[in-house]
1. Determine the calculated [θ] at 222 nm for the protein assembly as shown from helices alone, applying -39500 (n - 2.57) to every DSSP H run no shorter than 4 residues and normalising by the residue count; nearest 500 deg cm²/dmol.
2. Going by a ≥ b ≥ c, the root eigenvalues of the Cα gyration tensor, does the protein assembly as shown fall in the rounded group (a/c under 1.5), the prolate group (a/b larger than b/c) or the oblate group?
3. Using 1/(1 + (r/R0)^6) with R0 = 51 angstrom and r between the beta carbons of residue A:33 and residue B:367, what's the FRET efficiency to the nearest 0.05?
4. Mind pulling up the Rg/Rh value for segment B:212-257? Radius of gyration and Kirkwood radius, both on Cα.
5. Order of B:257, A:177 from fewest to most other C-beta atoms within 10 Å?
6. Could you work out, residue by residue across B:80-87, how many beta carbons of other chains sit within 10 Å of that residue's beta carbon, and then give the average as an integer?
7. For the residue pair residue B:419 and residue B:106, what label-to-label distance in nm results when each label sits 7 Å from Cα along the Cα-to-beta-carbon direction?
8. Ranking B:264, A:405, B:68 by Cβ neighbours within 10 Å, fewest first, what do you get?
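Every number here is computed from the coordinates shown, using simple stated rules; none is lab data. Computed from a prediction, not measured in an experiment: that's the story for all the values here. Quick reminder, even Gly has a Cβ in these numbers, built from the backbone with ideal geometry, and neighbours come from all protein chains shown.
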């Protein structure tokens with residue numbers, strides 16, 4: 001597949017050059033995703049998605065155009081190449097654009113991104129994995145009125161980036177994720193929770209653990225109450241850290257947002273922006289990382305970048321455009337949503353360095369406050385104001401969990417949140433875009449009613 | 001088209017499926033994003049392919065292909081049927097598929113098709129809007145204007161005999177302004193989206209949204225963060241639409257019933273709100289962004305009266321949920337593209353107007369907050385919880401509008417929020433949106449009149 005896609009990409013570069021592009025970049029990929037869904041405790045559907053397509057970025061002077069197509073057939077590629085050049089010619093010149101990236105060295109080798117066991121999985125084995133997780137959840141909730149929803153999805157794919165300046169990268173990767181979500185009804189109350197694992201390797205998926213943990217999370221949500229609000233300490237568990245820091249801080253150190261003055265963290269590079277014990281790196285080359293890759297979405301080599309150290313903002317996340325604009329080296333954080341997206345910027349593996357203690361230790365140390373296990377909210381990226389609903393969480397007192405919460409919001413500005421990080425736990429886990437332990441915020445405005 | 005679809009359906013049925021359907025799509029889009037007068041993204045795309053589903057005794061399988069040849073379609077039809085067969089033995093709840101049969105050809109002819117407008121003309125148009133915020137006030141430090149148009153040709157067929165071909169045209173324009181005064185930074189966005197050709201973009205409303213987003217961003221410079229607490233809230237039409245969508249619409253999607261994932265499960269036919277409350281989802285409104293004649297399973301669409309006089313009366317159905325719940329199909333199956341499975345979804349979701357004059361509603365509110373426009377919202381129907389955020393608002397003190405506040409979040413429970421609505425305005429407006437579910441994004445609209453919710457938790461700093 002790799003050779004076929006490389007051939008397609010190289011031909012597409014030539015086609016766009018033939019239409020008059022000065023520089024061309026082609027991203028093409030092919031993937032197979034197999035998934036199974038469970039509804040009300042039983043398998044309901046299976047799907048097999050084979051997706052191959054191609055995105056072409058053409059540069060004419062300082063003008064840029066992009067076109068993509070959901071096939072890799074020759075006539076479609078020709079149309080996309082022509083369209084990308086036509087769009088470039090019609091666009092307005094971008095004075096800050098310098099050049100597409102070039103690189104002729106060797107990409108760093110990143111281990112653990114491809115697992116033959118995932119490639120070899122057949123549909124029966126995938127069904128077995130998800131049924132084991134669902135059964136584990138039901139076993140833990142035996143005797144209750146329970147409906148488990150679940151999904152497993154395994155993918156194998158090849159991606160190729162070629163540009164007219166010599167970039168030539170290709171990679172095979174695998175991934176698998178699975179979640180279970182039990183919904184229980186108990187004494188007229190209905191609630192749910194979930195547990196999820198995602199990995200590049202099959203052996204890191206533990207169906208029984210996912211099922212059991214999702215059941216326990218659900219049980220802990222029963223009997224939710226409101227509390228008297230006020231200024232209270234807030235413990236953010238890893239999934240809450242994921243949305244608040246993984247989304248709300250990684251997005252603020254995106255160099256493009258900073259350059260345009262749209263980020264609440266603008267003008268703060270080199271300054272103290274957080275408590276000293278909050279340390280964050282973006283590591284694109286860690287072994288087996290969900291966000292790891294040898295090269296970024298423009299073919300620039302991946303690297304490990306210190307973001308926060310000793311409370312000081314050390315670096316932003318760059319792609320080639322923002323790096324050229326600031327006249328520095330790219331950090332290799334160009335990202336794109338497959339062949340259908342133009343390169344933007346995002347974190348790779350955003351890692352919060354561990355401190356000390358389990359979640360229970362943190363709660364016991366803090367004494368009284370609220371625990372936020374999950375929220376869907378991100379801050380306003382320009383003002384930094386965060387108003388987040390505790391989708392799942394609890395109130396604790398005297399170092400012990402008292403009851404889950406309903407209708408409860410936490411409010412704090414991100415600049416204050418960063419400075420008020422009082423403790424960082426050691427209960428590190430992968431939570432979607434972030435790898436983080438629990439984090440304690442000294443105080444935030446809690447509203448409940 | 002017809003022969004391709006039938007090749008896949010026939011292969012699936014011959015391989016043992018009892019039901020099969022096909023969507024063949026050919027979509028062309030243009031997206032142009034301008035920032036500070038420079039085109040940042042100029043994107044053209046073509047989505048071309050087929051999605052095929054096979055069904056046996058309660059088991060579903062789905063596959064997609066971009067090989068639009070008789071051989072390719074037959075091969076995918078066969079393999080998807082085999083996958084359904086393999087899944088069949090693991091299914092607990094058996095049922096058979098059935099539904100109404102439709103044969104129709106819908107031609108949608110906009111006055112100015114997007115393909116007749118050159119890229120240069122589109123860029124000129126965007127440039128004019130992108131210039132407005134900078135001209136409005138020198139404290140505007142960044143502008144972002146996004147134009148998108150989408151032309152879709154869709155062919156849907158199933159083994160019951162349905163054959164429907166559809167066309168759709170959706171233009172959209174978004175303006176985002178960032179204002180800065182000292183260290184105070186504020187951001188505001190405005191969007192406009194409808195169903196139609198480029199001629200809709202030449203109306204006054206879309207052509208002035210640059211100014212409108214700039215005005216809010218500048219006004220926000222003198223706003224304060226809201227104080228958290230339980231308040232009486234008046235929602236403007238845009239935010240009310242978001243409330244109806246998040247707090248109630250999602251929980252009415254009928255796939256929640258077989259899955260037991262909505263707190264409304266036992267509420268069909270029951271009172272869920274005051275008797276002056278009427279909520280609808282209506283894909284038949286002419287010219288709206290969430291409108292369509294047939295859904296993505298080829299079922300003719302109709303207006304759904306979700307809540308009628310305070311009673312939950314109707315749900316949003318796919319063919320499957322209608323069969324399993326023994327209710328009438330109402331054409332609510334939608335998919336993001338041929339690469340996705342149709343799900344029960346909303347279209348244009350709204351609260352029907354009531355009889356309160358808006359000025360009177362405000363004057364009648366002693367101590368509260370008027371909330372306008374929205375940043376985002378989300379919900380978890382299985383927990384019965386939702387939240388959404390207004391982009392800005394105004395404190396109401398003794399019936400009078402006062403200080404501007406920003407980023408105000410509301411949290412609530414699906415089962416008790418409607419009962420707290422005690423005043424529904426006699427005005428009405430809809431706003432364009434995009435709704436996400438299971439990773440699928442679809443265009444929609446939501447709206448209503450101004451409406452008041454009594455004592456609801458409002459998040460603050």
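1. -6000 deg cm²/dmol
2. rounded
3. 0.45
4. With Rg and the Kirkwood Rh in hand, the quotient comes to 1.15.
5. Fewest-to-most Cβ neighbours within 10 Å comes out as A:177, B:257.
6. 3
7. It is 3.9 nm.
8. Working: B:264 22, A:405 25, B:68 16.
Exposure proxy ranking, most exposed first: B:68, B:264, A:405.
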